[in-house]
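Reading through the C-alpha cells given below for one structure.
Where a number appears in this text, it was derived from the coordinates with a stated rule and is not lab data. Since the structure is predicted, the reported quantities are computational estimates derived from the model, not experimental observations. No Cβ is skipped: glycine too gets one built from the backbone with ideal geometry, and neighbour counts run over all protein chains shown.
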Amino acid sequence: MKLLMLLVLLTTCTASPQDLSGKMFTFPLKTNNAHVRLLTSVDSLSAFTVCHRSFTDLKKDHLLFSMATLSNPNAFLTFWDATNKEMEVHIRDRTTDMAGLDYKLNMWHSICTTWDSTAQLVQLWFDGKPLVKKFTTSGTRMQGPFIIILGQEQDSHGGGFDINQSFVGMMSDVHMWDYTLSACEIHNYMDDLNFTPGNVLNWRALEFQTFDRVLVEKEQMTCQ
Ligand SMILES: *[C@@H]1O[C@H](CO)[C@@H](O)[C@H](O)[C@H]1NC(C)=O
C-alpha cells in the first residue's frame, strides 16, 4: 500500500499551470525513466525559439531538450556529444553540430535555439553569445501532436528512452516561443531581465507531469 502511494506520488504530479519562477527541476539519479513531460496546446510550428538553463557534472553524452512528433522522434533535440565536445541540434532527425563551446561542468549554462522553416536556419545561443547560423532541413511546418520531454531522450513518440543519454542535474527557466526571438530578446532572457515569456511553454505558467524521481525545488542562486 505504501509502495503504491509512493508510486502514485512519483508518477504524476499536477495538471493546472504552475508558476516555477525561482524554481528548478532536479534530476538526481541516472535512470532510464525519470523525466518531465511539458504540455502545450500548440500543435503546429513553422518556427520556434527554445531557451533553458541547465547544470550538470555529466561527462558522458546527454540530452537537454527532446521534442518528438509522430514522424520524427528527434523533431527537435539539443544533445551534448561528449566524444566530439559538440552540442548537437537535431531538427526533424537532421543533425547540426555546434562546436567551440565552453561547456563547463558544475555551472549554469543558458542555451537558446532558434529554428525557422522559411529561412531553413538553425542557430544556438550559448551563455549570451550567438553561434554560427546553419542550414537545416526542408522548409515545411512541423506538425504535432508534440511530446516535449526533459530528462530523457525520445527514440519514439513519448518513449524509447536510453539510460546512457539521460540527464542528471538541474534545469530551470524553460520557455518556448512559436517564432524566432530577436537578438535583443535573447539577451534579455540570458541576462534574466524583462522578456516576454514563451507562448508555447512558459516557465511562469507551466503545465507538466513528472515521472519517477524528479523534484521541483528552489533554485540555489541567492539566499532569499
Ligand atoms: C550504457 O553504458 C554502459 C557503459 O558503457 C553499458 O555497459 C550499457 O550496456 C549501456 N546501456 C545501454 C542501454 O545502452
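Calculated FRET efficiency, L58 and V216, Cβ-Cβ r, R0 22 Å, to nearest 0.05? Can you show the working numbers first?
Details: r = 21 Å, r/R0 = 0.94.
The calculated FRET efficiency here is 0.60.
Label positions at K134 and L29, each projected 7 Å from the Cα along the C-beta direction, are separated by 3.5 nm. What pairs from K23/K129; K23/K104; K60/K134; K59/K134; K30/K133 go past 30 Å between their alpha carbons? K30/K133, as the Cα separations exceed 30 Å there. Within the listed set M24, M171, M107, the residue fluctuating most in the Gaussian network model of the chain (springs between alpha-carbon atoms under 10 angstrom) is M107. Distant-in-sequence amide contacts of L20, defined by a placed amide H-H separation under 5 Å and a gap of 5 or more residues or a different chain, comprise R204, A205, L206.
Remark: the R141-N188 segment gains 14.2 nm on full extension, using 0.36 nm per residue and subtracting the alpha carbon distance. Relative to the longest principal axis of the C-alpha atoms of the chain, give the angle of the C-alpha long axis of helix 2-11, reported between 0 and 90° and rounded to the nearest 10°. Roughly 10 degrees between the two axes. The phi-based Karplus calculation (6.51 cos²θ - 1.76 cosθ + 1.60; θ = phi - 60°) puts the 3J(HN,Hα) values of the stretch 144-156 at x, x, 8, 10, 10, 9, 10, x, 9, 9, 8, 9, 9 Hz, whole numbers, x for Gly and Pro.
Which values, in whole Å and largest first, are the semi-axes of the equivalent ellipsoid of the stretch 48-112 obtained as the square root of 5 times each eigenvalue of the Cα gyration tensor?
Values: eigenvalues 85, 33, 22 Å².
In descending order the semi-axes read 21, 13, 10 Å.
Shown in residue order for the stretch 195-211 are the 3J(HN,Hα) couplings computed by the Karplus curve 6.51 cos²θ - 1.76 cosθ + 1.60 at θ = phi - 60°: 8, 6, x, x, 9, 9, 10, 10, 4, 8, 8, 9, 9, 8, 10, 9, 10 Hz (x for Gly and Pro).
Think of each Lys and Arg Cβ as +1 and each Asp and Glu Cβ as -1; about the Cα centre, that makes the dipole of the chain roughly 240 debye.
Exposure proxy shown here: for F76, F55, F27, the number of other Cβ atoms within 10 Å sets the order, fewest to most, as F55, F76, F27. Semi-axes of the equivalent ellipsoid for the stretch 111-224, computed as √(5λ) from the eigenvalues of its C-alpha gyration tensor and ordered from largest down, come to 24, 22, 14 Å. Here, the stretch 2-217 yields an orientationally averaged convex hull projection of 11.2 nm² when only Cα atoms define the hull.
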